[in-house]
Amino acid sequence: MFLKKFGLAAGLCSAGAILANRAMAMPEPWQVGFQPAASPVMERIESFHAGVLYIITLICIFVFGLLLWIIIRYNQRSNPVPGKTTHNTLLEVAWTLIPVIILVVIAIPSFKLLYFEAEVPPPDVTIKAIGHQWFWSYQYPTNNFQFDSLGLSDAAASKKGEPRLLGVDNVVVVPVNKVVKVVTTGADVIHSWAVPQFGVKMDAVPGRLNVTWFKALYEGTFYGQCSELCGARHAYMPIEVKVVSQDAYNAWLQGAKKKFASISGPDSGTRVATAGR
């Protein structure tokens, strides 16, 4: 009885810790696995990764066992007179077909995943992310406003309780359980808009519009960084996305329309944030 209660308490504590981590998940020291998946795309990526990892592990175990068996069975002491067999049709056919079958087994879910990532569902929110040396600008075309998002200095990040090199002054805000279409481009060199927990990584290329999407499954704050080497301060252009309820998002939109510059009109220039590096 005690063990059952202890196990239940431990499970609840563990679940609480997981939920707390999910609310503001970020890379941890010595982390090996993925950050908790926060979108359908990332869930599929994790599932595909796990399947391929099982296949790789089985292959490695098989190859290691085969090498070990050959070393023991065919060393000079155990096999002083080597065999003269040079061909084995069945073996040659097997070692050609089996790898092909394994690759096909991996390829089918891989293509399905690529298609799922590339096919953008009808969006509920559209955001344009523009990479600069070295910060991001964001436009909300439907709501006609835009703003710059700069990485916080170490002092500002500490004061706001944000992680170093990940917190920004103006965060991207999106509603939970809604399809968010992200259009990326670059203003100077190639950048890359990436948020690991959403399974999103899309290059921002000058003169070109690339499209990706995500659908956040739960509320929280999610961090990413430019993932294309774009210059001396490449490490200082983080991405911060805050996922909120629909009501909170609507309230933020009302304030953002007043706070930030309009995309068109006399106030069309993006307002540079004051707390950047």
message = For the stretch 47-76, give me each residue that is within 20 Å of V32 (Cβ to Cβ), open to solvent by 80 Å² or more (accessible area, probe 1.4 Å) and either outside any helix (DSSP H, G or I) or among the aromatic types (F, W, Y) (or both).
response = Y54
Conditions (1) closer than 29 Å to E46 by Cα; (2) touching a helix residue (DSSP H, G or I) at 6+ places or on another chain (Cβ under 8 Å); number of the one not met by P238 = (2)
task = Only residues that are open to solvent by 70 Å² or more (accessible area, probe 1.4 Å) and in a helix (DSSP H, G or I): list them for the stretch 155-166, please.
result = A155, S158, K159, K160
task = Kindly provide the set of residues from the stretch 215-231 that are hydrophobic (A, V, I, L, M, F, W, C) and touching a residue at least 24 places away in the same chain (Cβ under 8 Å), ordered by number.
result = A216, L217, F222, C226, C230
request  = Return the pairs, sorted by first residue and then second, in which the second residue is open to solvent by 20 Å² or more (accessible area, probe 1.4 Å) and not in a strand (DSSP E or B), the first residue lies in the stretch 164-187 and is closer than 29 Å to G207 by Cβ and β-branched (V, I, T), the beta carbons are less than 6 Å apart, and the residues are 6+ apart or on different chains.
outcome  = V173/W252; V179/P121; V179/P123; V179/D124; V183/L209; T185/L209
ask   = Which of the residues belonging to the stretch 181-210 are open to solvent by less than 60 Å² (accessible area, probe 1.4 Å), under 22 Å from L114 (Cα atoms) and aliphatic (A, V, I, L, M)?
value = V182, V183, A194, V195, V200, M202, A204, V205
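When the residues of the stretch 99-121 are filtered to those that are touching a residue at least 24 places away in the same chain (Cβ under 8 Å) and in a helix (DSSP H, G or I), which remaining residue is surrounded by the most Cβ atoms within 10 Å (Cβ to Cβ)?
Of all residues in the stretch 99-121, those touching a residue at least 24 places away in the same chain (Cβ under 8 Å) come to 102, 105-106, 109-110, 113, 116-117, 120-121.
Right, trim to in a helix (DSSP H, G or I) and you get 102, 105-106, 109-110, 113, 116-117.
Numbers: I102: 14, V105: 13, I106: 15, P109: 14, S110: 14, L113: 17, F116: 14, E117: 19.
The selected residue is E117.
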task = Looking at (1) part of a strand (DSSP E or B); (2) more than 25 Å from G33 (Cβ to Cβ); (3) open to solvent by 20 Å² or more (accessible area, probe 1.4 Å); (4) not polar (S, T, N, Q), find the lone condition where F147 falls short.
result = (3)
task = Scan (1) surrounded by fewer than 10 Cβ atoms within 10 Å (Cβ to Cβ); (2) part of a loop (DSSP other than H, G, I, E, B) for the single condition N79 breaks and write down its number.
result = (1)
request  = Output yes when any residue across the stretch 126-147 is of a type in the set (D, E, K, R) and more than 19 Å from the chain's Cα centre (by Cα), and no when none is.
outcome  = no
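The values are calculated or read from the model by the stated rules, or taken from the named source; none is laboratory data. This is a predicted model, so every value here is computed, not measured. Heads up, the Cβs are rebuilt from the backbone with ideal geometry, glycines too, and the neighbour counts pull from every protein chain shown. Note: accessible area is taken over every heavy atom of the protein model, side chains too, but ligands, DNA and RNA are not part of it. Shrake-Rupley method; radii C 1.70, N 1.55, O 1.52, S 1.80 Å.
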